[in-house]
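There's a structure below that I have some questions on.
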Amino acid sequence: MHHTIAFLTTDELEDFFVWDNLLIAPFAERGISVETISWHAKDIDWSRFTAVIVRSTWDYQDDADAFITTLNTIEKSGTTLLNPLSLMQWNISKHYLQTLSEQGVEIIPSAFFKQVDSTIIAAHFTYFDSEELIIKPLISANSDNTFRLTKASLLAQSTDLNTIFADTPCVIQPFLNSVINEGEYSLFYFNGQYSHTIKKVPKQGDFRVQEEHGGQLHTVIPEAQLLATAQHVLARLPESSLYARIDLLRNHVTCDDLVSAATPHTWQLMEVELIEPSLYFNMDEDSPERFVQATLDYLQLNAVCHS
């Protein structure tokens, strides 16, 4: 029997780096074709697909309600939606970080708000004992409306910040210098199995690590503590996933903490990406094969496809 899988994407990807095309040949070798469909498309018969895999829907944050409506439509068609709808609903707001923190995951210190103004933001320089802060919407992607703030830049941008976050739920965090001094680590898991790790380093003068913002990527072998931290996070997700990207930062402890600290640093969770992350198949030549096999295992299609 022939199978077709849909990759859910968006209308305009010209300004983005997309590597999902590297999956098409491995799927084809297993008798599975791939169609790419925008989540904005109307009147799609989703039931004709064996599965719909959410991939590069990188503008969903602009209308999250419409996006969830599309996902619900796909779910109701009877096809398999990946990741599972309930898991993506859990992951769509960064408030999941608080849930994971309550379950013993060490996250970047975070304060969550339904709305804030510049006065509330300013108070967090003292609250976090930090010279710089990060503020970003709870529903966001591609660093949209993410601000790195000093006291001076907060004052200069207060009008814009008051407008943006007057009715936008957000999270405030201390800015960790390891973002620019070392980089952000992303560990990738397919069907619960470790695949590969990359380090993303922002370009000079920036703090955003995405390729679209000039970030540089490096394939790395994770140290034991980094790998153990990522697996600790993975184990605390509410259900299994086809793919998960776990983004971690190194946070160095202070000199006062060194007496009791087992190590001079700790790994802290930045985000868990379960909806539309780049999985950087270009950074590990074996990762496309791993992903395709993981998909077959997840769907338990391998026996059907080879019958």
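Just to check I understand the Karplus step: with θ = phi - 60° and J = 6.51 cos²θ - 1.76 cosθ + 1.60, what whole-Hz values come out for the stretch 161-172, glycine and proline as x?
After applying 6.51 cos²θ - 1.76 cosθ + 1.60, I find 5, 5, 6, 5, 9, 5, 9, 10, x, 8, 10, 10 Hz.
From the Cα trace of the stretch 49-145, what convex hull volume per residue do you get, rounded to a whole Å³?
Convex hull of Cα atoms, per residue: 126 Å³.
Separate question: Would you mind checking which residues have amide H under 5 Å from V54's amide H? H placed 1.01 Å from N; only 5 or more apart, or other chain.
L8, L82, N83
If you don't mind, another one. Length gain on complete extension for the stretch S240 to I68, per 0.36 nm per residue less the alpha carbon to alpha carbon distance?
60.0 nm
Using the heavy atoms of the protein chains alone and a 1.4 angstrom probe, what is the accessible area of the chain per residue in square angstrom? Display every interim value, and only then the final one.
Values: 14220 Å² over 307 residues.
Result: 46 Å² of accessible area for each residue.
While we're looking at this one, here's another question. Compute log10 of I(q)/I(0) for the stretch 1-85 with the Debye formula, placing one identical point scatterer on every Cα and leaving out solvent, at q = 0.16, 0.21 Å⁻¹, to two decimals.
-0.61, -1.02
Could you check the simple spin-label distance between D15 and Q115, using points 7 Å along Cα→Cβ, in nm with one decimal?
The answer from the label model is 2.8 nm.
Measuring from the lowest to the highest alpha carbon on each principal axis, how far does the chain reach, largest first, in angstroms?
63, 43, 35
Where in the chain are the helices, taken as whole DSSP H runs, whose Cα atoms extend 30 angstrom or more along the long axis and whose Kyte-Doolittle mean reaches at least 0.5?
none
While we're looking at this one, here's another question. Using 1/(1 + (r/R0)^6) with R0 = 30 angstrom and r between the beta carbons of S153 and E182, what's the FRET efficiency to the nearest 0.05? The partial results should precede the final answer.
Working: r = 23 Å, r/R0 = 0.76.
About 0.85, to the nearest 0.05.
Moving on to the next point. Looking at this model, which pairs from K114/K136; K114/K199; K76/K114 are more than 20 angstrom apart at the alpha-carbon?
Pairs exceeding 20 Å: K114/K199; K76/K114.
The values are calculated or read from the model by the stated rules, or taken from the named source; none is laboratory data. Predicted model, so just to flag it, every value in this text is computed and none were measured. A quick note on method: Cβ atoms are made from the backbone with ideal geometry, for glycine too, and the neighbour counts reach across all protein chains shown. Areas reflect the complete protein model, heavy atoms only, side chains present, ligands, DNA and RNA absent. Shrake-Rupley method; radii C 1.70, N 1.55, O 1.52, S 1.80 Å.
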